[in-house]
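Please read the structure below before turning to the comments.
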Amino acid sequence: MITIKKPKLGFWQIFNMNVGFLGIQYSFGLQQSAINPIFLFLGASEEMLPVLNIAGPVTGLIVQPIIGAVSDKTWSPRWGRRKPFFLIGAIMGSICLFAFPLSPALWFAVGLLWILDVGNNMAMEPYRAFVGDKLPESQFSMGYQMQSLFVGAGILLANASIFLFQDWFGGGQEIEGTVPKWLYYSFFIGSFLSIATILWSVLKTPEIPPTDEELSEINKHKALPFMERVKVPFVEIAKAIKDMPKFMWKLSAVYLFQWYALFVYWQFITPLFRVSLGYDTSEAAAQAAKMSTTYNVVTAVVALVLVPLTVRFGGKKVYALSLLGTAIALFAIPYIQDPVYVLFPMVLFGIGWAAMMGIPYSMVSKVVPQERRGVYMGILNMMIVIPMGIETLSFGPIFKNLLGGNSVNAMLFAGLFFVIASILAMRLNVKRAKKEYPLDS
């Protein structure tokens, strides 16, 4: 394994390198809370929502591991290794976010979602590897929990904008087949943040040059014929999967249930409020945005608090307990009929989200070789998007035939899957990846 002596970074250095995650996660926040309401406005049925969201799993499955493998073999003295990829992804995302609320028909919005997801995945995967590249292992927890903080902050801003603009500029009769004007503003802000925050991190954070050994490997790769270079990412992915640490296989079982359940929640929280609170689609979308805002406030507050907790009690225990808390939140939401009290379970959800967005990445970064970190972060994302893909294909029939087409039952189903994920997380007992860094810390 190639090793590089990396200096410890200060708080604000770690902060600056993660600012770009704010724009990426603002975009994901809109996907969680605004995309499905737009589909409903443009005439989609609730039963169609899972399959209409298949763009995320498919693009994540294809784009992230390939970009990870390609960025591992990339170096430019001017642009760096990871930066070119998340800069291009941010530009794509910015254009799509600007165009999304202007969608004239459902097919157009679905097509834009595919392009948006390609851009977001192109930006996010190298960003995960970027943190691992820059920081010594003793600062991995801080680096990835800082990303978790920006996950919370970005999604918080996205969802706060949705319900505030709905309150300020909403109202009036909904017209089927059109997107209400109040939704435009959130997307336009996202279009700006997508590129502006990435540029902040690109300009503020230099990348560490490769070692002589790494540079030699990169130059060998550049010297290959074009078709051979095209094959390399796929060969790298196959080799990495073959050599994948046992810990990642165990984590994949947790992720199967965790991410399936999260996708159910994001798709059906708006339909749920049409049932439990008797809201129309605009009111339900605004309430769903308040839910997401609440849990992301909690995420932003507790993300860095989890760092000393994982050191003291072990990442596995904190992670498993957070998943159980998320399950309790989902079990409670359908039975609370007050729009204020229903926000309370989001405290548990926010703690869970902070753990999900930080702890697994810190653990995985410790068990994978530095020179293959990009491809392994892409494979980790495959473990996220495969459950999402399964959900998009399977949950429509489950919702219709087994759950009676009832969004309350959909939320309880998601809660049960979080319980299973929590139990599986307690199995993440593995030997130390390296003598000086126990996996549980």
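The values are calculated or read from the model by the stated rules, or taken from the named source; none is laboratory data. The model shown is predicted, which means the values in this text are computed figures rather than measured ones. Cβ sites come from the backbone with ideal geometry, for glycine too, and all protein chains shown count toward neighbours. Calculation scope for accessible area: heavy atoms of the full protein, side chains included, ligands and nucleic acids excluded. Shrake-Rupley method; radii C 1.70, N 1.55, O 1.52, S 1.80 Å.
Checking the a/c ratio against 1.5 first, then a/b against b/c, what shape does the Cα gyration tensor give for the stretch 44-113? It comes out oblate by the Cα gyration axes.
Report, in whole Å, the centroid distance computed from the Cα atoms of the stretch 300-328 and the stretch 85-149. Here the answer is 25 Å between Cα centres. A P(r) calculated from all alpha carbon pairs of the stretch 1-65, with 10 Å bins opening at zero, reads 16, 29, 26, 17, 9, 3 percent. Scaling against 2.2 N^0.38 Å puts the C-alpha radius of gyration of the chain at 0.94. Residues Arg82, Arg229, Arg312, ordered by accessible area of protein heavy atoms at a 1.4 angstrom probe radius and largest first, appear as Arg312, Arg229, Arg82. The slack between Met426 and Ala253, meaning 0.36 nm per residue of separation minus the straight C-alpha distance, is 61.1 nm.
Distance from the alpha carbon centroid of the stretch 235-252 to that of the stretch 388-407 works out to 30 angstrom. Give the separation of the Cα centroids, the stretch 174-231 to the stretch 258-296, in Å. For the stretch 174-231 versus the stretch 258-296, the Cα centre distance is 29 Å. The C-alpha atoms of the stretch 106-175 occupy a region whose extents along the principal axes are 56, 28, 10 Å, arranged from largest to smallest. Evaluated with a Cβ-only charge set (Lys, Arg +1; Asp, Glu -1), the stretch 163-269 carries a dipole of roughly 280 debye about its Cα centre, given to the nearest 20.
Here the Gaussian network model covers the chain, with springs between Cα atoms less than 10 Å apart; of Leu306, Leu402, Leu193, Leu402 fluctuates the most. Computed over the Cα atoms of the stretch 283-383, pair by distinct pair, the Kirkwood hydrodynamic radius stands at 14.9 angstrom.
What is the calculated FRET efficiency for Asp243 to Leu215, with r their C-beta to C-beta distance and R₀ = 30 Å, to the nearest 0.05?
Working: r = 23 Å, r/R0 = 0.76.
FRET efficiency, Asp243 to Leu215: 0.85.
Pairs of Cα atoms nearer than 8 Å and 6+ residues apart set the relative contact order; for the chain it is 29 percent. For the chain, modelled as a GNM whose springs connect Cα atoms under 10 angstrom apart, the maximal fluctuation among Gly378, Gly111, Gly190 occurs at Gly111. A 1.4 Å probe run over the chain, with the rest of the protein chains in place, finds 39 Å² accessible per residue. Number of Lys pairs in the stretch 172-255 with C-alpha atoms less than 26 angstrom apart, excluding same-chain neighbours closer than eight positions? Value for the stretch 172-255: 10. For the chain, the membrane-span-like helix rule (DSSP H, alpha carbon extent of at least 20 Å along the helix axis, mean Kyte-Doolittle at least 1.6) picks out 83-99, 407-425; this says nothing about an actual membrane.
The residue among Trp266, Ser252, Val179 whose Cα reaches farthest toward the positive pole of the charge dipole of the chain, with charges on the beta-carbon of Lys, Arg, Asp and Glu, is Ser252. Which length gain, in nm to one decimal place, applies between Asp338 and Phe169 when the Cα-Cα distance is subtracted from 0.36 nm times their residue separation? Full extension from Asp338 to Phe169 adds 58.5 nm.
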